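Input: a single structure, listed below in structure tokens.
A short reminder: the numbers here are calculations on the coordinates, not readings from a lab. Small disclaimer: the values here were computed from a predicted structure and weren't measured. Ideal geometry is used to build each Cβ from the backbone, glycine not excepted, and the neighbour counts take in all protein chains shown.
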Amino acid sequence: MRKKIVAGNWKMNTTISEGELLVNQILTLKKESQPEAELIVAPPFTHLATISKLLQGSGVALSSQNCADELSGAYTGEVSASMLNAVGCEYVILGHSERREYYGETSAKLVKKVKLSLANNLTPIFCIGEKLEEREANKHFEVVEEQIKEVLFGLDPEDFAKIVIAYEPVWAIGTGKTATSAQAQEIHKYIREVLAGKFGELAQNTPILYGGSCKPSNAAEIFAQPDVDGGLIGGASLVAADFIAIAKAF
């Protein structure tokens, strides 16, 4: 049985005090409704130490939104995987489309980040997905396959078994557009087939999350698809009631 996961990527939103309030609201609603899915929150770097303390014993896991591609050294402004582990993170989001697009993250960098994360007991939530022009050119299968092969195919089976995949149709992030449940299932199934071609039966245990404008109104339909194992939630994760409503959609 694959793990069901709902992860909230807060991006560059909230102050620490606002983040504390949001987490406390999430924990209260979680206690009331007890959703089946594993919950993860990914606040900004500045919040991690504070929110880590709030989450202790709650059953909600902490994730970073990124990490450095070096372990330590003269890299001003960077935060390493070992630092994130020390502050209480269990997960790290890697390869998000915004990191690829705005900060030029390449597959070569992501290979280093994935390996450093695994070596420091962080579970990578590895993001893949196509842009609108790639979808319209019918290249979406080709794009996600290349992103997977370039970064994950160098892992040994033991490390691959720790990976979570997040498929994010870039054309559906922050645009209000959403892939239909059929489109989501089609590409999640394809992703699993690509993984199975390299890692065999292990691919059946890999959680694949949907990451494109998931909200309370469409979560149940998307999560009902056999190869969709949860969501990487953006805007809706900033509203505690919406985040928990999505988690309850299983």
Exercise for the section: Pull up all non-local amide H partners of Glu105: gap of 5 or more, or a different chain, and H-to-H distance under 5 Å with H placed in the peptide plane. Expected result: Arg100
Exercise for the section: Distance between Cα centroids, the stretch 163-191 to the stretch 94-117: provide it in whole Å. Expected result: 19
Completion exercise
From the cross-link list Lys112/Lys189; Lys30/Lys115; Lys11/Lys131; Lys11/Lys31; Lys11/Lys139, the entries with a Cα-Cα span beyond 23 Å are Lys112/Lys189; Lys30/Lys115; Lys11/Lys31; Lys11/Lys139
Handout entry: Rounded FRET efficiency, nearest 0.05, which uses the C-beta distance separating Glu158 from Thr50 and R0 of 35 Å
Key = 0.55
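By how many nm would the segment from Glu78 to Glu18 grow when fully extended, if each residue of separation counts as 0.36 nm and the alpha-carbon distance is taken off? Don't skip to the answer; put the middle values down first.
Values: separation 60, 0.36 × 60 = 21.60 nm, distance 2.38 nm.
Residue separation times 0.36 nm, minus the Cα-Cα distance, leaves 19.2 nm.
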Handout entry: Separation of alpha-carbon centers, the stretch 228-250 and the stretch 1-55, rounded to whole Å
Key = 11
Fill in the blank from the handout: Candidates for Rg and Dmax of the Cα atoms in Å are (i) 19.3, 74; (ii) 16.9, 47; (iii) 16.9, 54, and the calculated one carries label (ii)
Practice task
May I ask you to derive the FRET efficiency for Asn205 and Glu142 from their Cβ-Cβ distance with R0 = 25 Å, giving the value to the nearest 0.05?
Solution key: 0.50
Practice task
Rank these for me by crowding, Met12, Met83, Met1, going from fewest to most other beta carbons within 10 Å.
Solution key: Met1, Met12, Met83
Handout entry: At most 12 other Cβ within 10 Å, DSSP loop - chymotrypsin sites (Phe, Trp or Tyr not before Pro), the stretch 57-159
Key = Tyr75
Exercise for the section: Name the long-range amide H neighbours of Gly231: under 5 Å, sequence gap of 5 or more, or other chain; modelled H, no Pro or chain starts. Expected result: Ile5, Val6, Ala7, Tyr210
